[in-house]
1. Residues in region 36-51 that are in a helix (DSSP H, G or I) and among the small types (G, A, S): how many?
2. Can we say L33 is in a loop (DSSP other than H, G, I, E, B), modelled with pLDDT of 85 or more and touching a Leu at 6+ places or on another chain (Cβ under 8 Å)?
3. Which condition breaks for Q8 when tested against (1) open to solvent by 100 Å² or more (accessible area, probe 1.4 Å); (2) assigned to a helix (DSSP H, G or I); (3) at pLDDT 95 or above?
4. Go through (1) open to solvent by 50 Å² or more (accessible area, probe 1.4 Å); (2) charged (D, E, K, R); (3) assigned to a loop (DSSP other than H, G, I, E, B) one by one and return the number of the condition K25 breaks.
5. Give me the pairs, please: first residue somewhere in region 14-43 and over 14 Å from E3 (Cβ atoms), second residue anywhere and surrounded by 12 or more Cβ atoms within 10 Å (Cβ to Cβ) and among the hydroxyl-bearing types (S, T, Y), beta-carbon distance under 6 Å, and either six or more positions apart or on two chains.
6. Under the condition of being of a type in the set (S, T, Y) and open to solvent by 100 Å² or more (accessible area, probe 1.4 Å), which residue from region 28-59 is farthest from W10 (Cα to Cα)?
Amino acid sequence: MLENLFLQIWIMDFEFGLVGKDYFKGLVKDNDLTPAGYKKVTGEDYVAEQTQPTAPAQA
């Protein structure tokens with residue numbers, strides 16, 4: 001997993017404002033960063049985006 005190699009670099013990138021929270025949310029979605037790693041980087045709990053359920057097709 002990339003997290004083990006890049007966690008300290010990602011923390012610095014975030015602290016310097018080079019990347020934002022959306023970037024790290026994408027890494028969590030791609031399984032390159034764990035929710036725990038997201039918290040280490042951003043200081044906030046990872047909350048998965050909620051998707052709207054689609055309405056069933058009406059006949």
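The values are calculated or read from the model by the stated rules, or taken from the named source; none is laboratory data. Nothing here was measured: the structure is a model prediction, and the numbers come from that model. Glycine gets a Cβ as well: all are built from the backbone with ideal geometry, and neighbour counts include every protein chain shown. These accessible areas exclude ligands, DNA and RNA; they are computed on the full protein's heavy atoms, side chains included. Shrake-Rupley method; radii C 1.70, N 1.55, O 1.52, S 1.80 Å.
1. Just the residues of region 36-51 that are in a helix (DSSP H, G or I), to begin with: 36-42.
Restricting the remaining residues to those that are among the small types (G, A, S) gives 36-37.
Of the residues in that region, 2 qualify.
2. Numbers: in a loop (DSSP other than H, G, I, E, B): yes; modelled with pLDDT of 85 or more: yes; touching a Leu at 6+ places or on another chain (Cβ under 8 Å): yes.
So L33 fits the description; yes.
3. Failed condition: (3).
4. So the condition that K25 fails would be (3).
5. K21/T42
6. Let us first name the residues in region 28-59 that are of a type in the set (S, T, Y), namely 34, 38, 42, 46, 51, 54.
When the remaining residues are screened for being open to solvent by 100 Å² or more (accessible area, probe 1.4 Å), the result is 51, 54.
On the way: T51: 27, T54: 35 Å.
By that ranking, first place goes to T54.
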